[in-house]
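The values are calculated or read from the model by the stated rules, or taken from the named source; none is laboratory data. All values reported here derive from a predicted model rather than from experimental measurement. Here the Cβ is made from the backbone with ideal geometry for all residues, glycine too, and neighbour counts use every protein chain on show. Keep in mind that these areas ignore ligands, DNA and RNA; they rest on the heavy atoms of the full protein, side chains included. Shrake-Rupley method; radii C 1.70, N 1.55, O 1.52, S 1.80 Å.
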Amino acid sequence: MGCLDCCIKCLGGVPYASLVATILCFSGVALFCGCGHVALTGTVTMLENHFSRITSDHATLIDVVQILQYIIYGIASFFFLYGIILLAEGFYTTSAVKEMHSEFKTTVCGRCISAMFVFLTYILGLAWLGIFGFSAVPVFLFYNMWTTCAAMKSPIANLTSVDNICVDVRQYGVIPWNADPGKACGQTLADICNTSEFYLSYHLYIVACAGAGATVIALLIYMMATTYNYAVLKFKSHDHSHTTKF
């Protein structure tokens with residue numbers, strides 16, 4: 001066998017759907033976890049400096065942010081391993097398809113494991129749809145604040161008093177109602193929108209949301225790939241048992 005034939009055979013055994021899904025999943029999870037972690041830290045810093053100067057008022061928020069950051073660590077580790085496992089299964093099943101005329105045996109345990117991957121991938125897909133929706137919430141909140149600052153700078157806004165325009169983060173349940181000052185108005189609000197914490201956090205939340213969306217797409221591809229892999233293993237098992245009877 002020549003070098004070209006060997007390369008063609010190797011390329012023919014690559015599970016391209018699983019490979020694309022793995023790359024997309026790793027990229028999406030990395031963006032979501034990395035950007036989300038930094039954005040959460042920047043959000044806490046911005047709240048401490050401008051909206052809640054008493055530590056006890058936002059102590060609960062700090063605890064929630066720390067829990068979310070630990071969850072992010074777990075998500076990154078889990079999906080790194082899960083993506084590799086699904087990619088390995090894709091290589092295994094693709095090899096099974098290519099060996100249609102050779103001896104190939106599947107066990108009940110192997111088919112059960114493949115079915116478990118199908119079920120788990122569907123569950124993870126639904127979970128990431130929820131994560132994607134949850135990650136859009138801070139984008140919406142920061143966008144409202146961004147547009148408010150942009151409206152104050154607009155020459156066509158025809159504002160009677162800029163100081164009457166405020167953003168009150170207490171209404172979103174981020175900090176309690178007794179937090180001081182709890183809101184920012186006028187030029188103070190405009191200055192907050194120009195801080196690095198706000199600018200960086202806002203754009204990192206957008207990237208994190210996009211990463212969650214990419215992960216959802218990757219899991220949809222995984223759903224199709226794992227379902228197909230399970231069908232192939234079941235077909236190969238049936239085909240082998242049918243052949244041995246004769």
Selected residue (criterion: nearest to residue 62 (Cα to Cα)) from residues of segment 175-200 that are part of a loop (DSSP other than H, G, I, E, B) and not aromatic (Phe, Trp, Tyr):
175
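One line per residue, one yes/no per condition, for (1) open to solvent by 60 Å² or more (accessible area, probe 1.4 Å); (2) modelled with pLDDT under 90; (3) within 21 Å of residue 213 (Cβ to Cβ):
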{"residue": "93", "(1), (2), (3)": "no, yes, no"}
{"residue": "98", "(1), (2), (3)": "yes, yes, no"}
{"residue": "104", "(1), (2), (3)": "no, yes, no"}
{"residue": "108", "(1), (2), (3)": "yes, yes, no"}
{"residue": "116", "(1), (2), (3)": "yes, yes, no"}
{"residue": "119", "(1), (2), (3)": "yes, yes, no"}
{"residue": "123", "(1), (2), (3)": "yes, no, yes"}
{"residue": "127", "(1), (2), (3)": "no, no, yes"}
{"residue": "130", "(1), (2), (3)": "no, no, yes"}
Go through segment 1-36 residue by residue and tally those that are open to solvent by less than 60 Å² (accessible area, probe 1.4 Å), at pLDDT below 80 and of a type in the set (A, V, I, L, M).
2
Among the candidates 39, 88, residue that is surrounded by 14 or more Cβ atoms within 10 Å (Cβ to Cβ), of a type in the set (Gly, Ala, Ser) and assigned to a helix (DSSP H, G or I):
39
